[in-house]
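The values are calculated or read from the model by the stated rules, or taken from the named source; none is laboratory data. Note that the coordinates shown come from a computational prediction; the quantities given were computed from them, not determined experimentally. All Cβ positions, even for glycine, are placed from backbone atoms using ideal geometry, and neighbour counts span all protein chains on display.
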Amino acid sequence: MPDVVLPVLDEEAAIPGVLAGLPAGYTPIVVDNGSADGSGDVARTLGARVVEEPRRGFGAACWAGLLAATADVVCFMDCDGSLDGGDLPRVAGPVESGRADLVLGARHAARDAWPVHARLANRYLAHRIRHATGAPLTDLGPMRAARRDALLALGLADRRFGWPLEMVLKAGRAGWRIHEVDVSYAPRVGRSKVTGTVRGTLRAVRDMAAVLR
């Protein structure tokens, strides 16, 4: 069964619901990226494996989780309550069965779940990905799955917000079969540190633009 890497930065309120929503057999690896609200302790109390990654950055947290994973298939999922863990088998299934090498969850969002500026940024990035890889993607997909050894072999180097984009671009260049499945997307718990603000979105786009270059 897959491991699920959950990068965390001050998500104390969302963690219980996220962990409770994971399907049976999916092992959570909570990567605490320097939380000040006790997120790591909350996850430990609920029985999750917690990895401490003091170096700030979304990619740094994901990389630490990937290194800590032991399952053949590894999933990645935001830990803010916006994604439904019940969708994980649909994302991981094509990888487990050998029908795909990388699967991304295309978000079908409630009206108030995804700010307009974040939707526009995601649409632009998806267009660039389609052009660069030929993969028919509509979303950068914060819920995704791939085989652990194959991900390690890609040589992912970005440790900031460019990590998700770098993964898809390098997978495309390596000839991976990249698929997309629909997943639900709801308003997150608490305020977003990235897409909840124009400034945060611009910071993420800046990191991803560097990867595109």
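Within segment 1-47, being in contact with a helix residue (DSSP H, G or I) (Cβ under 7 Å, 6 or more places away or on another chain) and part of a strand (DSSP E or B) holds for Val4, Val5, Leu6, Pro7, Val8, Pro28, Ile29, Val30, Val31, Asp32. Evaluating Thr70 against the criteria (1) in a loop (DSSP other than H, G, I, E, B); (2) at negative phi; (3) free of Cβ contacts under 8 Å to residues at least 12 places away in the same chain leaves one unmet condition, (3).
Select, from Val5, Val73, the only residue that is β-branched (Val, Ile, Thr) and touching a Phe, Trp or Tyr at 6+ places or on another chain (Cβ under 6 Å). Show your work before the answer.
On the way: Val73 fails: touching a Phe, Trp or Tyr at 6+ places or on another chain (Cβ under 6 Å).
Testing whether each residue is β-branched (Val, Ile, Thr) and touching a Phe, Trp or Tyr at 6+ places or on another chain (Cβ under 6 Å) leaves just Val5.
The requirement of being part of a loop (DSSP other than H, G, I, E, B) and at pLDDT 95 or above is fulfilled somewhere in segment 100-120, by at least one residue.
Does Ala132 satisfy being touching a Leu at 6+ places or on another chain (Cβ under 9 Å), within 18 Å of Leu156 (Cα to Cα), surrounded by fewer than 16 Cβ atoms within 10 Å (Cβ to Cβ) and hydrophobic (A, V, I, L, M, F, W, C)? So Ala132 fits the description; yes.
Taking Leu125 as the residue in question, decide whether it is within 16 Å of the chain's Cα centre (by Cα), assigned to a helix (DSSP H, G or I) and within 25 Å of Val42 (Cβ to Cβ). In short, no.
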